[in-house]
Amino acid sequence: MKYMNLGIEELHEKLKNKEVTSKELIEESLKLSHEVEDKCNAFVTILDDAKEVEVSDNLLSGIPFGVKDNYSTKGVLSTGSSNTLKDYVPFFDATAYSHLKDAGAIMVNKTAMDEFGMGGTGTTCHTGTVKNPWDNTRLCAGSSAGSAAAVAAGVYPYALGSDTGDSIRKPAAYCGIVGYKPTYGLISRYGLFAFASSLDHCGVLTRSVKDAAIVVDTMKGKDENDMTTWDSSKMHLKEALTGDIKDKKLCYIKELCDIENYENPSDELKKHLENFKEKIELIRKNGVTVEEVSVDRKLLNTIASVYVIISCAEATSNMSNLTGIIFGPRGEGNTWEEQIKDHRTKGFSTLIKRRFVIGSYVLQKENQERYFKNAGRVRRLLVDTWKELYKTYDAVILPVGTGTAKHIDGTLDVLSDSQNLGALEEHLQVGNFGGFPSITIPDGFIDGLPVALNITGNNYDDENVLNIAYAIESMMDYKNQIAKEVK
Ligand code: GLN
């Protein structure tokens, strides 16, 4: 009997009724982990010795899950998918993970990711490219590639991800599942390897909105080790899922969603945007107000540059601690400078090094005002534009990306994307600029491959955003999807 394709509440009920034991669930999940590793290359570590726990009333107890490899897990290899930390075993747990552990949830693997979260392809993991379970010739997107592949392939009901630009929400879209990044500071980042601290968020990938609410209810909370966390004890995400959104108002941005804005659009893009508009009609038919709004195209076109400047600058600063002296394999050389140079030269992939060059450049004293500070100013303009929309609307609803999962051999680093599709590919990053709650849910298929829409709301409005996503999910047929191989 297969259990791992079920949702959290169903699994909990079966555990409580003793229809299945936690041990059996772990065995099934580990067996599936190995199968998915063979097909998709999704994991850094599979924990074959994972132990069962006594099942309590906590919904998550006894149920297996996966953890992205940039979460510190005590006594368990945590590499961030980088050769610079290929042998690093932390001596403490990330707060978000420890909350799940305390709830009795059982980690069965650590998932592969773009090195330190820097990338949107799942191709820069030190263990190799993660493949999409729907079609092995395609990418999952990244950086939470392994988590997305595993949840979509039915290894367990959820896996942890992190999101600095779109790293939870994009791979979720390309794998036909749900990806939720809550308001900045709802979940502690203590123990999450820092990429770009002002943009980094912990979050989760699941197969339903309700499961995302259940997991984040457990992960969240104020933490004295992360001063950006805030008191959310009155926020109950699962309880907020009433499904009633009749009085809600949503908007979509014309400049991103109208096909006329794209020169020589591909068939895939046409289908993706048509499908999105069909779903907007469906939502309207269900009694929800959805209006079209206009945002200055010039401002939208800045998103990618703002993201690159801020994320590369913060990453360059954050990752200066990766020297091979305190952790990671010691470099060769006669002096400590030589050792550090050797460690960083050999350890980081080319993509990361390019980003450090950009980060160092924009942070140079003579360039700071022109690049780094200006990027901060434009970030504010973008956030204020979205905040203005939230005065009238509960949330902004937009298509995710430009279609389905990309082919492996057509890989593009976000930094090389020069097509005029930029704003449509990158708009999820505004959710990180503002720290807005943002959730991606599947909204259909193009040629057998999943596509998705995203709902992003105002800060601290996670309950509302999740409830809207929950209601829209129930208007469609793509809940609890397990990847069916199309190739
Ligand atoms: N694609 C983005 C990047 O390349 C997103 C990364 C992320 O969210 N961690 O940096």
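Overall dimensions of the chain, expressed as equivalent-ellipsoid semi-axes from the Cα gyration tensor (√(5λ), whole Å, largest first), are 30, 29, 21.
Rounded to the nearest 10 square angstrom, LYS31 shows an accessible area of 130 square angstrom against a 1.4 Å probe. Residues in the chain average 39 Å² of solvent-accessible surface per residue, probe 1.4 Å, ligands and nucleic acids excluded. Largest accessible area first, the listed residues ARG380, ARG284, ARG344, ARG169 line up as ARG380, ARG284, ARG344, ARG169 when surface is computed with a 1.4 Å probe on the assembled protein chains. Here the chain exposes an accessible surface that is 49 percent carbon and sulfur, computed with a 1.4 Å probe and the other protein chains kept in place. The reciprocal of the average 1/r between distinct C-alpha atoms defines the Kirkwood hydrodynamic radius, which for the stretch 334-383 equals 12.9 Å. For the peptides 462-475, 356-369, the ranking by packing is 462-475, 356-369, with the highest mean count of neighbouring Cβ atoms within 10 Å listed first. Give me the distance between the Cα centres of the stretch 148-196 and the stretch 350-368, rounded to whole Å. For the stretch 148-196 versus the stretch 350-368, the Cα centre distance is 27 Å. The helix-only estimate of mean residue ellipticity at 222 nm for the chain, built from DSSP H runs of length n ≥ 4 each weighted as -39500 (n - 2.57), is -11000 deg cm²/dmol after division by the residue total.
The values are calculated or read from the model by the stated rules, or taken from the named source; none is laboratory data. Source: prediction; values computed, not measured. Cβ coordinates were reconstructed from backbone atoms using ideal geometry, including for glycine residues, and neighbour counts include every protein chain displayed. All accessible areas refer to the heavy atoms of the entire protein, side chains included, with ligands and DNA or RNA removed. Shrake-Rupley method; radii C 1.70, N 1.55, O 1.52, S 1.80 Å.
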